[in-house]
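Okay, so here's the structure we're looking at.
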Amino acid sequence: MSTAGFARRDTALRELMDDPACDATRLRRTLERFAVVNRLVSGWGGVYREHIRPLARRRAADGTPLRILDIGCGGGDVLERLIALARADGAEVDAVGIDPDARSLAVALARPGHRADYRRAHSSDLVAELATGAARFDVVISNHVLHHLDDAALATVLRDSDALARSLVVHSDIARSPVAYAAYAVGITPLAPGSFLRTDGLRSIRRSWTPRELAPALPAGWQVLRPGRFRLLAVRGERP
Ligand SMILES: C[S@@+](CC[C@H](N)C(=O)[O-])C[C@H]1O[C@@H](n2cnc3c(N)ncnc32)[C@H](O)[C@@H]1O
């Protein structure tokens, strides 16, 4: 593909995993292997150290649990890793992973020793629960969810995460580029057989934002950060 094909998001592309009738075995393998892919490409160790660790240490010092929400948690590997990192810093963690897709949640719940509470829900369901007295979260995150969303769903997820987070929101995703596309096409080869990782990963990259495109879609008080060449973060820090 020429670089001209990356000049704008290709939102007409549909990922195979977003088809409710897709092959269940391939989908399960895809979700399970996200654990490896995320470890290699998503950079959550750095996001934890830079953005979440100060909150975890604050919670460890005052003896109250760090409350984390993962929106579109998929197989739960990112959330479980964050729990482990915060516990290693001495914090108790109270974590919830939500996903509208029951097939994703089944993989998260089958993860040996999982610590988070996994629920089939949309972020708007949790916002509705705030009105009944449910507590907000210290940290709201997502990984590889923004590029799945159309403009209306993006606005909803940003508004909901803003309402649900007391201290910090971090939505992490791919930064679209032809170099990311070429590197992924080669790098995913050993993990791809029998899964949707190749097709959906490449479609994901073509559906993703560049930092310059995403910035104007964010509400006031949010910013786009570029933690690495192939990544972007939509971040909302602590409200004054
Ligand atoms: C590519 S997967 C990423 C899963 C996981 N976060 C990870 O990084 O491995 C995208 C996930 O977003 C979920 N999703 C799609 N639309 C969503 C929405 N409007 N709100 C929340 N999650 C959504 C899907 O069900 C799917 O599990």
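The values are calculated or read from the model by the stated rules, or taken from the named source; none is laboratory data. Bear in mind the structure is a predicted one, so any value in this text is a computation, not a measurement. Every residue, glycine as well, gets a Cβ built from its backbone with ideal geometry; the counts of neighbours run over all protein chains shown. Quick note on the areas: whole protein, heavy atoms, side chains included, nothing else; ligands and nucleic acids left out. Shrake-Rupley method; radii C 1.70, N 1.55, O 1.52, S 1.80 Å.
Before moving on, here are some points about what is shown:
- Check on Ala180, closer than 18 Å to Leu40 by Cβ, in a helix (DSSP H, G or I) and either within 16 Å of the ligand (Cβ to nearest atom) or open to solvent by 30 Å² or more (accessible area, probe 1.4 Å) (or both): yes
- Test: residue in region 89-96 that is in contact (Cβ under 8 Å) with a residue 24 or more places away in the chain, in a loop (DSSP other than H, G, I, E, B), open to solvent by 10 Å² or more (accessible area, probe 1.4 Å) and in contact with a Ser or Thr (Cβ under 8 Å, 6 or more places away or on another chain): yes
- Reported count of residues in region 34-61, each being open to solvent by 60 Å² or more (accessible area, probe 1.4 Å) and either closer than 16 Å to Cys73 by Cα or in contact with a Cys (Cβ under 9 Å, 6 or more places away or on another chain) (or both), is 2.
- Of note, Arg9 satisfies the criterion of being modelled with pLDDT under 95 and open to solvent by 30 Å² or more (accessible area, probe 1.4 Å).
- Those residues of region 21-33 which are within 15 Å of the ligand (Cβ to nearest atom), open to solvent by 50 Å² or more (accessible area, probe 1.4 Å) and either in contact (Cβ under 8 Å) with a residue 24 or more places away in the chain or assigned to a helix (DSSP H, G or I) (or both), in sequence order: Ala24, Arg26, Arg28, Arg29, Glu32, Arg33
- Condition check for Gly72: in contact with a helix residue (DSSP H, G or I) (Cβ under 6 Å, 6 or more places away or on another chain) and within 16 Å of the ligand (Cβ to nearest atom): no
- For beta carbons closer than 8 Å, sequence separation of 6+ or different chains, a first residue in region 211-231 that is in contact (Cβ under 8 Å) with a residue 24 or more places away in the chain and a second that is among the β-branched types (Val, Ile, Thr) and open to solvent by less than 50 Å² (accessible area, probe 1.4 Å), the qualifying pairs are Pro211/Val224; Leu214/Val224; Leu218/Val224; Trp222/Val169; Trp222/Val235; Pro227/Val47; Phe230/Ile174; Arg231/Ile174.
Residues are listed down the side, and each one gets a yes or a no for (1) assigned to a helix (DSSP H, G or I); (2) surrounded by 22 or more Cβ atoms within 10 Å (Cβ to Cβ):
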| site | (1), (2) |
| --- | --- |
| Ala152 | yes, no |
| Ser161 | yes, yes |
| Leu168 | no, no |
| His171 | no, yes |
| Tyr184 | yes, no |
| Ala192 | no, no |
| Arg198 | yes, no |
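- Conditions (1) assigned to a strand (DSSP E or B); (2) without any contact (Cβ under 8 Å) to a residue 24 or more places away in the chain; number of the one not met by Gly133: (1)
- Positions within region 97-124 being among the aliphatic types (A, V, I, L, M) and in a loop (DSSP other than H, G, I, E, B), in sequence order: Ala110, Ala116, Ala121
- Only listed residue being within 13 Å of the ligand (Cβ to nearest atom) and over 29 Å from Cys22 (Cβ atoms), chosen from Leu164, Leu149: Leu164
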